[in-house]
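S.K.: Got a structure here, written out as structure tokens. Questions coming.
The values are calculated or read from the model by the stated rules, or taken from the named source; none is laboratory data. For clarity, every value in this text was computed on a predicted model and none was experimentally measured. Neighbour counts run over all protein chains shown; Cβ positions are idealised from the backbone, glycine included. Ligands, DNA and RNA are excluded from the accessible area calculation, which covers all protein heavy atoms including side chains. Shrake-Rupley method; radii C 1.70, N 1.55, O 1.52, S 1.80 Å.
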Amino acid sequence: MVEFYNRCYFDRIRKVVYPLHTTYTNRKRKSTTWAVLLLSGMLLLNMNTTAGYAAASTESLPKPSWTSSSLMLNEANTEKDVMIKNIYAVPSKNLVYVHTSQPVTKTSSKTTLDWQLDSLQALDAKTGQLKWSTIFHEKSGPYTTYSNSVYASNGTAYVYMEYSDKSKKLYSFNTSGKTNWVKNVNSSATISLMDNDNLLVAASQGVQANGSVRSTLSLYDKKGKLLNEKTIAGTVLKAAQGRIVVDASKQVKSGNFWQPAANPKIEIYDTSLNRLSFYQFPADANTQGDGGGEALAILDDGSVLMRANFETTGNRLMGFGSDGKLAWGRAIAGDAYIQTAGNGYTLLTGSKLELYTMKGKVTERMFKDAQPVLMHVDRTQDGQYQLDFAKTGYILDPQTLEDVHVYTVSTAVPSLESISTYMNDVIYSMKGEVLSKYTLKSSSAK
């Protein structure tokens, strides 16, 4: 149960989506340090602010170019919906990956719980036909209890699986569906794609009796060669680009569960596995559960953003520079929704979207004409911003917030509420047990 609780927490911290109605009242600041950081944030707010943006013509989402056959596996003895772990397009290889998971109902004494059946399916991006599929289960063998997958730009797929017999495996597949290599992992792990398409495996033995956690960081190249390895104190919260963010605090016992510290000690490492810096959040800080979007993010230049709520001053966004050191802290609204792309980040508060870099505010725009119900804000696979409201969707330039696409629901596509990915003027969207491809007007021709 301890392992399950911590896995749920680590999944949540990597990509958090919170309700947008939480608000906090800012009161007078008591800390001189925080006063300096706020002043720094205020100075940044006044830099390079512009209000204009280029509007693209609105288009109705077209009928699907194709809709796949059912991706539900016949091997699973359940009629429950397919759960989508990942959708990833590889235009250079004419492929789109779908990592699926289906619930499996307990049918024998060999299993003590209901499990899940995972597969990686590769579809032809032009026709939607299945090119190949891998099921991560052998007949009468163990089922999956946890899974994750990441994808390199050349189409290499890395899939991590934990099984009901406690075994753990890491797979690398090429675009033809052949296994490049398979590795056994000794303890529960997370996987992250780093610089140069190297893969970081962060494995932890779990919480010790005194609340401490130790993790082994292993960095592999695309051939599966171990480049570097190090055991550290703490748990990896997020890793991307050239940075690894670690919670180095001891965890706290609450009943039968261990809980991460609300005000963690954060350590930042580079891909040489050298520690760049550390920062102890103040005692009145809580880094869990406020606001919406990304609670922890790593920008392309290695800068780190982390959100926290302070008992006396409300929500703050903390900016750590590429050197790992705290650069600034600034107040943000309790209902602000954070999303990053490239070297920038956006704050969506109500109908206002603001774009920042680590140096300060770049621009902002309003969405007064949009439907009030926000479905999601995401970073697209090709590094742009995607906002979907109830009736209208936007693809935005990550450096200017100018429209790349504005699309609305149509008779052919009555809803934007679905699991999807966007890449190069194409939306791949999952609804039910089928995947559909929607081709928008070419942005280069606009």
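S.K.: Being more than 21 Å from residue 70 (Cβ to Cβ), aromatic (Phe, Trp, Tyr) and at pLDDT below 95: is that true of residue 146 here? Steps first, please.
M.R.: Values: more than 21 Å from residue 70 (Cβ to Cβ): yes; aromatic (Phe, Trp, Tyr): yes; at pLDDT below 95: yes.
Yes: the conditions hold for residue 146.
S.K.: Out of everything in the stretch 87-128 that is in contact with a Leu (Cβ under 9 Å, 6 or more places away or on another chain) and part of a loop (DSSP other than H, G, I, E, B), what residue ends up being modelled with the lowest pLDDT?
M.R.: Across the stretch 87-128, the extreme among qualifying residues is 106.
S.K.: Inspect all residues belonging to the stretch 291-302 and state whether any of them is out of contact with any strand residue (DSSP E or B) (no Cβ under 7 Å at 6 or more places or on another chain), surrounded by fewer than 18 Cβ atoms within 10 Å (Cβ to Cβ), of a type in the set (D, E, K, R) and not assigned by the TED database to the domain that holds residue 239.
M.R.: If we filter the stretch 291-302 for residues that are out of contact with any strand residue (DSSP E or B) (no Cβ under 7 Å at 6 or more places or on another chain), which is where we start, we get 301.
Cutting the leftovers down to surrounded by fewer than 18 Cβ atoms within 10 Å (Cβ to Cβ) gives us 301.
Checking the rest, the ones that are also of a type in the set (D, E, K, R) come to 301.
Add one more test, that the residue is not assigned by the TED database to the domain that holds residue 239, and what stays is 301.
Among the residues of the stretch 291-302, at least one is out of contact with any strand residue (DSSP E or B) (no Cβ under 7 Å at 6 or more places or on another chain), surrounded by fewer than 18 Cβ atoms within 10 Å (Cβ to Cβ), of a type in the set (D, E, K, R) and not assigned by the TED database to the domain that holds residue 239, which makes the answer yes.
S.K.: What number of residues within the stretch 291-335 satisfy the criterion of being of a type in the set (Gly, Ala, Ser), within 18 Å of residue 242 (Cα to Cα) and under 17 Å from the mean Cα position of the chain (by Cα)?
M.R.: Selection size over the stretch 291-335: 3.
S.K.: Which of the residues that make up the stretch 381-408 are open to solvent by less than 10 Å² (accessible area, probe 1.4 Å), under 17 Å from residue 423 (Cβ atoms) and either among the aliphatic types (A, V, I, L, M) or assigned to a loop (DSSP other than H, G, I, E, B) (or both)?
M.R.: Residues satisfying the conditions are 387, 395, 396.
S.K.: Going through the stretch 237-250 one residue at a time, which ones are in contact (Cβ under 8 Å) with a residue 60 or more places away in the chain and in a loop (DSSP other than H, G, I, E, B)?
M.R.: So in the stretch 237-250, the residues in contact (Cβ under 8 Å) with a residue 60 or more places away in the chain come out as 237-238, 241-243, 245.
If the condition is that a residue be in contact (Cβ under 8 Å) with a residue 60 or more places away in the chain and in a loop (DSSP other than H, G, I, E, B), then 242 is the only one that fits.
S.K.: Looking only at the stretch 255-289, count how many residues are in a strand (DSSP E or B) and over 18 Å from residue 217 (Cβ atoms). Spell out the reasoning first.
M.R.: Our first condition is that a residue be in a strand (DSSP E or B); within the stretch 255-289, this holds for 257-259, 265-270, 275-280, 285-286.
Now drop any that are not over 18 Å from residue 217 (Cβ atoms), which leaves 257-259, 279-280, 285-286.
The qualifying residues number 7.
S.K.: Here's something else I'd like to know. Please verify whether residue 204 is of a type in the set (Gly, Ala, Ser) and at pLDDT below 95, treating the condition exactly as stated. Outline the logic, then answer.
M.R.: Values: of a type in the set (Gly, Ala, Ser): yes; at pLDDT below 95: yes.
In short, yes.
S.K.: Report yes if residue 132 is touching a Lys or Arg at 6+ places or on another chain (Cβ under 8 Å) and open to solvent by 20 Å² or more (accessible area, probe 1.4 Å), otherwise no. Show your work before the answer.
M.R.: Numbers: touching a Lys or Arg at 6+ places or on another chain (Cβ under 8 Å): no; open to solvent by 20 Å² or more (accessible area, probe 1.4 Å): yes.
For residue 132, the condition - touching a Lys or Arg at 6+ places or on another chain (Cβ under 8 Å) and open to solvent by 20 Å² or more (accessible area, probe 1.4 Å) - is not met.
S.K.: Continuing with this model, one more query. If I filter the stretch 138-158 down to residues being over 26 Å from the mean Cα position of the chain (by Cα) and not small (Gly, Ala, Ser), which single residue comes out as farthest from residue 84 (Cα to Cα)? Lay out the reasoning, then the answer.
M.R.: As a first pass, look at the stretch 138-158 and keep what is over 26 Å from the mean Cα position of the chain (by Cα): 138-142.
If we keep only those that are not small (Gly, Ala, Ser) too, we end up with 138-139, 142.
On the way: 138: 21, 139: 23, 142: 21 Å.
Per the criteria, the residue is 139.
S.K.: Could I ask something else about it? Among residues belonging to the stretch 241-254 that are among the polar types (S, T, N, Q) and either under 17 Å from residue 190 (Cβ atoms) or open to solvent by 40 Å² or more (accessible area, probe 1.4 Å) (or both), point out the one that is nearest to the chain's Cα centre (by Cα). Even if it seems obvious, please write down each step before you answer.
M.R.: Within the stretch 241-254, the subset among the polar types (S, T, N, Q) is 241, 249, 251, 254.
Next, from what is left, pick out any that are either under 17 Å from residue 190 (Cβ atoms) or open to solvent by 40 Å² or more (accessible area, probe 1.4 Å) (or both): 241, 251, 254.
Working: 241: 13, 251: 24, 254: 28 Å.
Among those residues, the one meeting the criterion is 241.
S.K.: Go over the candidates 361, 325 one by one and state the one that is under 20 Å from residue 265 (Cα atoms), modelled with pLDDT of 95 or more, surrounded by fewer than 22 Cβ atoms within 10 Å (Cβ to Cβ) and not hydrophobic (A, V, I, L, M, F, W, C).
M.R.: Working: 361 fails: under 20 Å from residue 265 (Cα atoms).
The unique qualifying residue is 325.
To keep it simple, each residue is scored yes or no on (1) under 15 Å from residue 187 (Cβ atoms); (2) hydroxyl-bearing (Ser, Thr, Tyr); (3) outside the structural domain of residue 322 (by the TED database).
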| position | (1), (2), (3) |
| --- | --- |
| 203 | yes, no, yes |
| 215 | yes, yes, yes |
| 239 | no, no, yes |
| 260 | no, no, yes |
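S.K.: Any residue at all in the stretch 157-164 that's of a type in the set (S, T, N, Q) and within 21 Å of residue 215 (Cα to Cα)? Lay out the reasoning, then the answer.
M.R.: From the stretch 157-164, those of a type in the set (S, T, N, Q) are 164; that's our starting set.
From what's left, within 21 Å of residue 215 (Cα to Cα): none.
Scanning the stretch 157-164 turns up no residue that is of a type in the set (S, T, N, Q) and within 21 Å of residue 215 (Cα to Cα).
S.K.: For the stretch 213-227, state whether one or more residues are closer than 30 Å to residue 104 by Cβ, surrounded by 15 or more Cβ atoms within 10 Å (Cβ to Cβ) and in contact with a Phe, Trp or Tyr (Cβ under 8 Å, 6 or more places away or on another chain).
M.R.: no
S.K.: Separate question: Select, from 257, 278, the only residue that is touching a residue at least 60 places away in the same chain (Cβ under 8 Å), open to solvent by 30 Å² or more (accessible area, probe 1.4 Å) and among the hydrophobic types (A, V, I, L, M, F, W, C).
M.R.: On the way: 278 fails: touching a residue at least 60 places away in the same chain (Cβ under 8 Å).
Residue meeting the stated conditions: 257.
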